[in-house]
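Asker: The structure is given below, and queries will be raised subsequently.
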Amino acid sequence: MTSETNRTEHAMCHLKSIKPYDGWTSDKYMNSEGKELVMLRRRNVPLSKAGFTALAYDENNSKCVVGISSLIGITEKRMFCRAVVLVEKDGSVTRDQRAVRVALPDIVGNSKEQILSLKDVKAQNRKNQEKAKESMQAKANGDNSRATGGFSAENILGKLSDEDTSDMAKLGLIFICVVTLLRIIASFRFLFNAILLPLLVMYAIQNCPSQVTFDTKKELKRVLRGHHLPEGHQSKPADDWLSRTVARVTASVATEAATALGYEELNFSSDCVIPLNSLLVASVQLQL
């Protein structure tokens, strides 16, 4: 494993530890000159147009992940490079890929400490991914249970007491009975309009008295003695023999005197179910 590979692995472990669900990957390829380059991808989308010699995590200065484009110089403990910032220190993709100079620890060979450090980072990264997957799965299961069972009959009825459930059942039965009664009434109304009403009209036409049976003076006497007035009316005679006799005599005399000078009778029959008669007595200015 070369130093460039170590730096790339270290940078990828850092990205996956801070943003485990961003789908970080590194793709290696050979350019036209036969040089091996690496390109950083996020969710299979490349973050740069061209590749770099390596990816590095600038943990001592900017805390950003950069792509190394060229080497400036090397000392005993550090390596100075020209680089391009790809990912900010908070794990977000940089909007402007600015060119920077970084000083990185010089990694030579595969020391045991470096290998152990990479292994620890990878193990921690796997643990973080597993924990994140478990939390996401638990959240998804909770959302599904709320979506499917939040409005189920068991969940709703489970929150109600036995008394509330019995009240709801009673209300349901009352509603069904009311709807059934209304349907029965509607059917009877249709039956009345279609069959009973025509029969009643025909019966009234057949049994209605003719105009010949109408006695003008008799009906006028009934009106003058207050027969049509309701009980308790001040013009209606008292309910005793003397009052009734006086009312009959007075009505008979008034009728004979009024009709002696003539009266006008109007009939409104014209094959109606209920015939109507109008009587105009000009001497007393009375219309009945």
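Asker: Can you find even one residue in region 141-159 that is open to solvent by 70 Å² or more (accessible area, probe 1.4 Å), at pLDDT below 75 and within 30 Å of L15 (Cα to Cα)?
Answerer: Keep residues of region 141-159 that are open to solvent by 70 Å² or more (accessible area, probe 1.4 Å), which gives 141, 144, 146-148, 151, 154, 156-157, 159.
Pick out the ones that are also at pLDDT below 75 and you get 141, 144, 146-148, 151, 154, 156-157, 159.
Next cut, within 30 Å of L15 (Cα to Cα) only: 141.
Yes, that holds for at least one residue.
Asker: Hey, can you tell me all the residues within region 101-140 that are at pLDDT below 70, open to solvent by 70 Å² or more (accessible area, probe 1.4 Å) and not in a helix (DSSP H, G or I)?
Answerer: V108, N110, listed by residue number.
Asker: Of all the strands (runs of 3 or more DSSP E) wholly in region 43-98, which have at least 1 residues that are of a type outside the set (G, A, S), within 53 Å of the chain's Cα centre (by Cα) and more than 19 Å from S17 (Cβ to Cβ)? Outline the logic, then answer.
Answerer: Working: elements: 54-57, 65-74, 78-87.
By residue number, 78-87.
Asker: Sticking with this structure for a sec: Right, F175: assigned to a helix (DSSP H, G or I), modelled with pLDDT of 75 or more and open to solvent by 100 Å² or more (accessible area, probe 1.4 Å) or not? Please lay out each step first, then the result.
Answerer: On the way: assigned to a helix (DSSP H, G or I): yes; modelled with pLDDT of 75 or more: yes; open to solvent by 100 Å² or more (accessible area, probe 1.4 Å): yes.
So F175 passes the test.
Asker: Return yes when N6 is in contact with a helix residue (DSSP H, G or I) (Cβ under 9 Å, 6 or more places away or on another chain), at pLDDT below 85 and not hydrophobic (A, V, I, L, M, F, W, C) and no when it is not.
Answerer: Numbers: in contact with a helix residue (DSSP H, G or I) (Cβ under 9 Å, 6 or more places away or on another chain): yes; at pLDDT below 85: yes; not hydrophobic (A, V, I, L, M, F, W, C): yes.
Yes: the conditions hold for N6.
Asker: Tell me yes or no: at least one residue of region 10-32 is over 30 Å from K133 (Cα atoms), in a strand (DSSP E or B) and open to solvent by less than 50 Å² (accessible area, probe 1.4 Å).
Answerer: Step one: of region 10-32, the residues over 30 Å from K133 (Cα atoms) are 29-32.
Still in the running and in a strand (DSSP E or B): 29-30.
Now drop any that are not open to solvent by less than 50 Å² (accessible area, probe 1.4 Å), which leaves none.
Within region 10-32, not a single residue is over 30 Å from K133 (Cα atoms), in a strand (DSSP E or B) and open to solvent by less than 50 Å² (accessible area, probe 1.4 Å).
Asker: Moving to a separate point now. Looking at region 197-229 only, could you name the residues that are open to solvent by 80 Å² or more (accessible area, probe 1.4 Å), modelled with pLDDT of 75 or more and over 17 Å from T255 (Cα atoms)?
Answerer: Residues satisfying the conditions are L199, L200, M202, Y203.
Asker: How many residues are surrounded by 11 or more Cβ atoms within 10 Å (Cβ to Cβ) and basic (K, R) when one looks only at region 89-100?
Answerer: Residues that pass the stated criteria total 2.
Asker: Given the conditions (1) in a helix (DSSP H, G or I); (2) open to solvent by 30 Å² or more (accessible area, probe 1.4 Å), and given that N6 satisfies all but one, which numbered condition is not satisfied?
Answerer: Of the numbered conditions (1) in a helix (DSSP H, G or I); (2) open to solvent by 30 Å² or more (accessible area, probe 1.4 Å), the odd one out for N6 is (2).
The values are calculated or read from the model by the stated rules, or taken from the named source; none is laboratory data. Worth saying up front: this structure is predicted, and the values here are computed from it rather than measured. Positions of Cβ are backbone-derived with ideal geometry, glycine not excepted, and every protein chain shown enters the neighbour counts. Protein only, heavy atoms only, side chains kept; ligands, DNA and RNA dropped before computing areas. Shrake-Rupley method; radii C 1.70, N 1.55, O 1.52, S 1.80 Å.
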